[in-house]
Ligand code: F6P
């Protein structure tokens with residue numbers, strides 16, 4: 001059996017641990033299986049760049065960040081567009097899948113990767129997905145590998161900013177990754193003791209943020225910690241189309257700098273913006289993610305053994321299971337507005353800048 005494997009989209013901690021877990025399962029449980037590593041995500045499948053991996057290639061990579069296979073972003077919307085020869089990237093991937101003699105393809109990636117995986121599956125390839133992303137936004141799984149390592153890193157950033165904010169009496173805004181969803185910001189914000197958490201799912205009112213900053217200062221707390229997601233937006237912006245929103249922001253792709261300036265003027269405090277950026281995606285996976293990645297890799301091996309193609313690994317409750325690619329592709333797992341962590345955060349006085357208060361029900 002010839003198994004192709006690729007990692008696609010942004011890298012994240014745990015990719016190598018999944019590859020290793022999958023390979024170990026395959027070598028131990030599936031006789032005569034051969035694993036073909038496809039270079040740089042779907043890019044390698046499009047160009048046919050691939051090579052057979054030896055068992056030794058999977059050694060010593062459990063705790064190593066990044067991906068031994070390389071990765072690239074290949075936008076889903078371009079997959080079916082034809083070039084001047086009338087060939088699409090999808091055509092080329094199908095051709096190379098056959099040329100490489102693959103019996104199946106394992107794809108490690110986020111939402112975009114899953115859309116392409118579903119497309120390949122619809123087009124006659126046997127595909128099994130494994131959900132990766134620090135954003136934790138893949139539909140149908142409680143958690144994606146890489147997310148918790150990023151929470152650890154983002155929380156440490158908030159912890160470190162806390163001491164500087166307190167020493168200088170400043171309002172510090174920490175911009176956390178997540179352009180569509182706020183999972184990482186919410187978890188790190190709560191774990192890092194942020195005073196204000198701003199996420200895309202709950203558009204904020206700038207004056208409400210200013211009010212919270214002032215209120216804390218009136219109470220004698222000279223500093224404020226604001227955890228703000230890349231994709232956070234004001235209520236006004238939330239009524240705009242994405243393109244108009246980005247145009248209105250000018251050179252800035254996020255609202256963070258503009259909000260910092262607004263707070264500085266209205267609350268008369270000193271503000272600073274900190275953007276940890278790709279630090280949140282790099283480096284070693286945490287022990288939790290090494291464990292989850294190994295579990296997910298093994299489960300993908302089991303799906304191969306059982307011939308369950310057109311699926312992707314998922315975690316539901318405490319159980320590792322699978323979803324059909326077609327059922328999850330193109331959907332985004334946003335934070336529900338009444339999610340219990342939002343409730344917990346509100347109940348301890350964290351503001352989401354949306355004017356909503358914690359209502360005790362009982
Ligand atoms: O999807 C993961 C993610 O890290 C997002 O949180 C972030 O907005 C984006 O990727 C950044 O992408 P790139 O590495 O291509 O700049």
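The values are calculated or read from the model by the stated rules, or taken from the named source; none is laboratory data. Note that the structure is a prediction, hence the values are computed from the model and not measured. Here the Cβ is made from the backbone with ideal geometry for all residues, glycine too, and neighbour counts use every protein chain on show.
Residues of the stretch 171-199 that are surrounded by 21 or more Cβ atoms within 10 Å (Cβ to Cβ), assigned to a loop (DSSP other than H, G, I, E, B) and within 16 Å of the ligand (Cβ to nearest atom): 177, 178, 181, 182, 199.
Being more than 16 Å from the ligand (Cβ to nearest atom) and in a strand (DSSP E or B) is a description that applies to residue 320.
Residue by residue, here is whether (1) surrounded by 22 or more Cβ atoms within 10 Å (Cβ to Cβ); (2) more than 16 Å from the ligand (Cβ to nearest atom); (3) modelled with pLDDT under 95; (4) within 21 Å of residue 105 (Cα to Cα) holds:
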| position | (1), (2), (3), (4) |
| --- | --- |
| 124 | no, yes, no, yes |
| 130 | yes, no, no, yes |
| 135 | yes, no, no, no |
| 140 | no, yes, no, yes |
| 163 | no, yes, no, no |
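For the residues 48, 14, the requirement of being touching a helix residue (DSSP H, G or I) at 6+ places or on another chain (Cβ under 6 Å), within 16 Å of the ligand (Cβ to nearest atom) and either at pLDDT below 95 or at positive phi (or both) singles out 14.
Restricting attention to the stretch 264-298 and to residues that are within 16 Å of the ligand (Cβ to nearest atom), buried (at least 16 other Cβ atoms within 10 Å of the Cβ) and part of a helix (DSSP H, G or I), the residue that is farthest from the chain's Cα centre (by Cα) turns out to be 289.
Of everything listed in (1) surrounded by 18 or more Cβ atoms within 10 Å (Cβ to Cβ); (2) in contact (Cβ under 8 Å) with a residue 40 or more places away in the chain; (3) over 21 Å from residue 236 (Cβ atoms), the single unmet condition for residue 216 is (2). Does residue 105 qualify as being farther than 26 Å from residue 8 by Cβ and assigned to a strand (DSSP E or B)? Taking the combined requirement at face value, the residue does not satisfy it. Within the stretch 328-351, restricting attention to residues that are assigned to a helix (DSSP H, G or I) and without any contact (Cβ under 8 Å) to a residue 40 or more places away in the chain, the residue that is surrounded by the fewest Cβ atoms within 10 Å (Cβ to Cβ) is 340. Take the stretch 39-52 and flag every residue that is surrounded by 18 or more Cβ atoms within 10 Å (Cβ to Cβ) and touching a residue at least 40 places away in the same chain (Cβ under 8 Å). Result: 41, 42, 45, 46, 50.
Taking the conditions (1) in contact with a strand residue (DSSP E or B) (Cβ under 8 Å, 6 or more places away or on another chain); (2) more than 23 Å from residue 153 (Cα to Cα) in turn, residue 58 satisfies each one other than (1).
The single condition from (1) in a loop (DSSP other than H, G, I, E, B); (2) over 30 Å from residue 168 (Cα atoms) that residue 354 fails is (2). Within the stretch 222-243, is there a residue that is in a helix (DSSP H, G or I), over 23 Å from residue 276 (Cβ atoms) and within 16 Å of the ligand (Cβ to nearest atom)? Scanning the stretch 222-243 turns up at least one residue that is in a helix (DSSP H, G or I), over 23 Å from residue 276 (Cβ atoms) and within 16 Å of the ligand (Cβ to nearest atom). In the condition set (1) surrounded by 18 or more Cβ atoms within 10 Å (Cβ to Cβ); (2) touching a strand residue (DSSP E or B) at 6+ places or on another chain (Cβ under 6 Å), residue 74 is compliant with all but (2).
Taken over the stretch 108-130, the criterion of being assigned to a strand (DSSP E or B) and out of contact with any strand residue (DSSP E or B) (no Cβ under 9 Å at 6 or more places or on another chain) is satisfied by no residue.
For the stretch 251-263, a residue qualifies if it is in contact (Cβ under 8 Å) with a residue 40 or more places away in the chain and either surrounded by fewer than 17 Cβ atoms within 10 Å (Cβ to Cβ) or assigned to a helix (DSSP H, G or I) (or both), and the qualifying residues are 256, 259, 260, 262, 263.
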